Amino acid sequence: MYSIKGYGAMVADGFRTDAYCEALRRAVKPGAVVLDIGTGTGIFALLACRFGARKVYAIEPSNAIQMAREIAAANGCQERIEFIQKLSTKVDLPERADVIVSDIRGVLPLFDHHMPSIIDPRQRMLPPGRALIPKCDTLWAAVVAAPELYKTYAVPWEGNSYQIDMTAARPIATNTWGTGRVKPEQLLTESRCWAMLDYLTIREPNYRGEITWNAARSGTAHGLSVWFDAILADGVGFSNAPSAPELIYGSAFFPWSKPVTLAVGDTILLTIQASLVGEDYIWRWDTRVMQQGDSTRIKAEFKQSTFFGVPLSSARLHKRASQHVPALNEAGQIERYALSLMDGGNSLDQIAKRLAAQFPDRFISYDGSLAYVGDLAEKYSR
């Protein structure tokens, strides 16, 4: 979840917000019904009102929605905006929308539950021929020389002044990716499209792409730069490509396991895949570099995944094994007991007191017990 400061930074990104403003201006007709998914502090909902929306349903699961309510009231729009603090996949509206707008991407559009949060309401709440903002995101990649970015992944584990061998952590670090802006002159290949997300037609959240490059420049390659171009409406959009102005989203850097010296004409084969598993994406990027395109002269071959970027202890792996027979630890027993009391017949005060009496070593004060059951109530109660 974003902080209020984070939402402010998004609003302040003029390239992004101006583009959304123009797309909404074109799509929202007087009397329209608008669904704003991930409203945050409410700027798209307010713009929709400005452009003539009769009703805006503004959905936001985080507590930022309270700030959106206050901002709507300050702008005289509270009567036309209905704020709903839920996930969009859990919401049923009393009417269908004329426009759905959202911006719940991360650095890349394949982020968290962005795709299900668009697919589900589009199918249930948007009649054919109505407006969806954004319309499309196109994902691009290029091989880059990025020694400064690469240092943050590799150098801490390659040596230190304390003569402590920490190289075991290097493979973990280089199987992760993060934000990393590069300049156009750092690209050693052309940029190539590997996925197009047409939000009007997509039905599943997973994407896979294959790219073949011939190195356009010689140099030391450190990994991949990945970014997206957004189309919000016909002729309206933005890009966070290296040649474009920097946006709030940043762009992504996927490091290689080791740097590779490229010569002009070397061939790079990439398979990149993003699979939504549980609450987040697992990314995989497999690379093969061939000298002058000769498949018998392999310069480098890497098989990388964020699955390998998370250190797992043997104890944790044991607990996830299909043969494991689990029994609740104390934390689980406490949560189960507290939830069993949330049966519609006890107040939080009563639950907190009974919980503290049942687990006195865990709760040394009433305030601590009340805060604990309050968190559970916020998460699980109706």
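Coordinate-derived values only; no laboratory data. Since the model is a prediction, treat every value here as computed from it, not as a measurement. Glycine also receives a Cβ, built like all others from the backbone with ideal geometry; neighbour counts cover every protein chain displayed.
What does the charge count near SER369 come to, summing +1 for each Lys or Arg and -1 for each Asp or Glu among other residues with Cβ under 14 Å from its Cβ?
Its environment carries a net charge of -2.
List the lysines whose alpha-carbon lies under 17 Å from that of LYS55, not counting same-chain residues fewer than 8 positions away?
Here the lysines satisfying the reach criterion relative to LYS55 are LYS29.
Could I get the Rg over Rh figure for the chain? Both from C-alpha atoms, Rh via Kirkwood, rounded to two places.
So for the chain, dividing Rg by the Kirkwood Rh gives 1.03.
Using 0.36 nm per residue, how much length does the chain from SER161 to ARG316 gain when fully extended, once their Cα-Cα distance is taken away?
Values: separation 155, 0.36 × 155 = 55.80 nm, distance 3.26 nm.
Going from the current span to full extension adds 52.5 nm.
Rank these for me by crowding, SER347, SER102, going from fewest to most other beta carbons within 10 Å. Can you show the working numbers first?
Numbers: SER347 10, SER102 23.
The fewest-first ordering by Cβ neighbours comes to SER347, SER102.
Sticking with the crude label model, points 7 Å out along Cα→Cβ, report the distance from MET196 to TYR2 in nm, one decimal please.
So the two model labels end up 2.8 nm from each other.
For the range 330-380, with equal point scatterers placed on the C-alpha atoms only and solvent neglected, what are the log10 I(q)/I(0) values from the Debye formula at q = 0.14, 0.15, 0.18, 0.24 1/Å, to two decimals?
Here the Debye-derived log intensity ratios amount to -0.27, -0.31, -0.46, -0.84.
Just to check I understand the Karplus step: with θ = phi - 60° and J = 6.51 cos²θ - 1.76 cosθ + 1.60, what whole-Hz values come out for the range 221-226, glycine and proline as x?
Those phi angles translate into 8, 10, x, 10, 9, 10 Hz.
Have a look at the DSSP beta bridges in the chain and tell me what percent are antiparallel, nearest 5.
75 percent
Once each part is reduced to its C-alpha centroid, what is the distance from the range 152-201 to the range 1-64 in angstrom?
33 Å
Using only the alpha carbons of the range 4-133, determine the length spanned along each of the three principal axes and report them from longest to shortest in whole angstroms.
36, 35, 27
How would HIS324, HIS113 line up from fewest to most surrounding beta-carbon atoms within 10 angstrom?
Numbers: HIS324 9, HIS113 19.
Going from sparsest to densest Cβ surroundings: HIS324, HIS113.
So what's the net charge close to SER88: Lys and Arg +1, Asp and Glu -1, counting the other residues with Cβ under 15 Å from its Cβ?
-1
FRET efficiency for LEU328 and ASP280, Cβ-Cβ distance as r, R0 = 22 Å, nearest 0.05?
For R0 = 22 Å, the calculated efficiency reads 0.30.
Give me the one-decimal Kirkwood hydrodynamic radius in Å for the range 196-283, with the sum taken over alpha-carbon pairs.
One decimal place: 15.6 Å for the Kirkwood radius.
When you count, for each residue, the other Cβ atoms within 10 Å and take the mean per peptide, how do 77-87, 313-323, 161-171 rank with the highest first?
Ranked by mean Cβ neighbours within 10 Å, highest first: 77-87, 161-171, 313-323.
Assuming 0.36 nm per residue, please report the length gained on full extension of the stretch ASN75 to MET342 beyond their Cα-Cα distance.
Length difference between fully extended and current span is 92.2 nm.
For ALA377 and PHE15, calculate 0.36 nm times their separation in residues minus their Cα-Cα distance, and state this gained length in nm to one decimal.
Going from the current span to full extension adds 126.3 nm.
Taking the Cα centre as origin and putting +1 on Lys and Arg beta-carbons and -1 on Asp and Glu beta-carbons, what dipole magnitude results for the range 258-359, to the nearest 20 debye?
Details: 12 positive and 10 negative charges, 67 e Å.
So the magnitude is around 320 debye.
Net charge around GLY278, counting only other residues with Cβ within less than 14 Å of its Cβ (Lys, Arg = +1; Asp, Glu = -1)?
Overall, the nearby charge balance is -2.
Roughly how many whole Å is it from the C-alpha centroid of the range 108-144 to that of the range 315-372?
First find each Cα centre; the distance between them is then 39 Å.
Quick check: pseudo-label points 7 Å beyond the Cα along Cα→Cβ at ASP361 and GLN66, how many nm apart are they?
Label-label distance for ASP361 and GLN66, simple model: 3.6 nm.
Restricting everything to alpha-carbon atoms, can you work out Rg to Rh for the range 237-382 with a Kirkwood hydrodynamic radius?
That ratio is 1.23, to two decimals.
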